[in-house]
Amino acid sequence: MKYTCIVEISLPITEVVELWSNKDYFSRWQDGFDNIEHIAGTPNTEGSKSKITFNGKQKIELVETIISSRLPEEKVALYEHKHMINTQTSRFQEIEPTKTLYTSEVEYIKFNGFMIKLMAVLFPDKFKGQSQKWMNQFKEFAESTKTKLDCSAI
């Protein structure tokens, strides 16, 4: 299963990428985000690994392996969970000096278990919906930082 999500953010690309890649802000736009722990390699470089934990209805742990990082333009990562494996390519493109297009391409490579396979077949929009929800929440968070910065300058 493969899908693409897109959101336009009213901030310069450098600010968008800085906010998006700062782990201190992950909980502000990813529901249930608990922790990210670096476990191998040089952080944020090809081959580095991190364990990411989410606490929601149930605890979710996954391992992120960075395939390539060419920020501010693109980051490609592999995510491994006991029920699934997927890649995500996050791209950032300047539309105007104060507008950035954020695109996420997600491809599920493997599903482990009958129920998750059934969910993927019957409800593929649930997967895309969660990705788009986090992107929309990121947009809201990022643009709210601009408002706070603008107001504090007055």
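The values are calculated or read from the model by the stated rules, or taken from the named source; none is laboratory data. Everything numeric in this text was worked out from a predicted model, so none of it was measured. Note that we place each Cβ from the backbone using ideal geometry, even for glycine, and neighbour counts take in every protein chain shown. The protein model used for the area step is the full one, side chains on, heavy atoms only, and it has no ligands, DNA or RNA in it. Shrake-Rupley method; radii C 1.70, N 1.55, O 1.52, S 1.80 Å.
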**Request:** May I ask you to list the GluC sites (Glu not before Pro) in segment 1-75 that are in a DSSP loop and have at most 13 other Cβ atoms within 10 Å of their Cβ?
**Result:** GLU46, GLU73
**Message:** Skipping prolines and chain starts, which residues have an amide H placed within reach, meaning under 5 Å, of the one on ILE109, given they are 5 or more residues away or on another chain?
**Reply:** ILE85, ASN86, THR87
**Request:** Arrange the peptides 124-130, 88-94, 109-115 so that the one whose residues have, on average, the most other Cβ atoms within 10 Å appears first.
**Result:** 88-94, 124-130, 109-115
**Prompt:** If you roll a 1.4 Å probe over the heavy atoms of the protein chains, what accessible area per residue do you get for the chain, in Å²?
**Reply:** 60
**Complete:** Placing each pseudo-label 7 Å from Cα in the direction of the beta carbon, VAL63 and HIS38 end up separated by a distance in nanometres of 1.8
**Request:** First compute the accessible area of segment 32-154 with a 1.4 Å probe, then give the percent of it belonging to carbon and sulfur atoms.
**Result:** 55
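Quick one: if the Förster radius is 25 Å, what FRET efficiency do GLU8 and LYS126 give, using the C-beta to C-beta distance and rounding to 0.05? Numbers along the way, then the final one.
Numbers: r = 24 Å, r/R0 = 0.95.
Efficiency for this residue pair is about 0.60.
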**Debye intensity ratio in log₁₀ form over the Cα atoms of the chain, taken at each q of 0.16, 0.17 Å⁻¹** = -0.96, -1.08
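What does the charge add up to near GLY56, with Lys and Arg as +1, Asp and Glu as -1, over the other residues with Cβ less than 15 Å from its Cβ? Please list the in-between numbers first.
Details: positive: LYS57, LYS59, LYS126, LYS133; negative: ASP31, ASP34, GLU61.
Once positives and negatives cancel, what remains is +1.
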**Exceeding the 30 Å Cα-Cα cut-off - candidates LYS57/LYS128; LYS82/LYS146; LYS49/LYS128** = LYS82/LYS146
**Complete:** Around GLU37 (Cβ within 15 Å, Cβ-to-Cβ, excluding GLU37; K/R +1, D/E -1) the net charge comes to -1
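So if each residue of separation counts as 0.36 nm, and I subtract the Cα-Cα distance between LYS117 and SER21, what length gain in nm does that give? Mind showing how you got there, number by number?
Working: separation 96, 0.36 × 96 = 34.56 nm, distance 3.07 nm.
Extra length available between LYS117 and SER21 comes to 31.5 nm.
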**Complete:** Plugging the Cβ-Cβ distance of HIS81 and GLU143 into 1/(1 + (r/R0)^6) at R0 = 30 Å yields, to the nearest 0.05, a FRET efficiency of 0.50
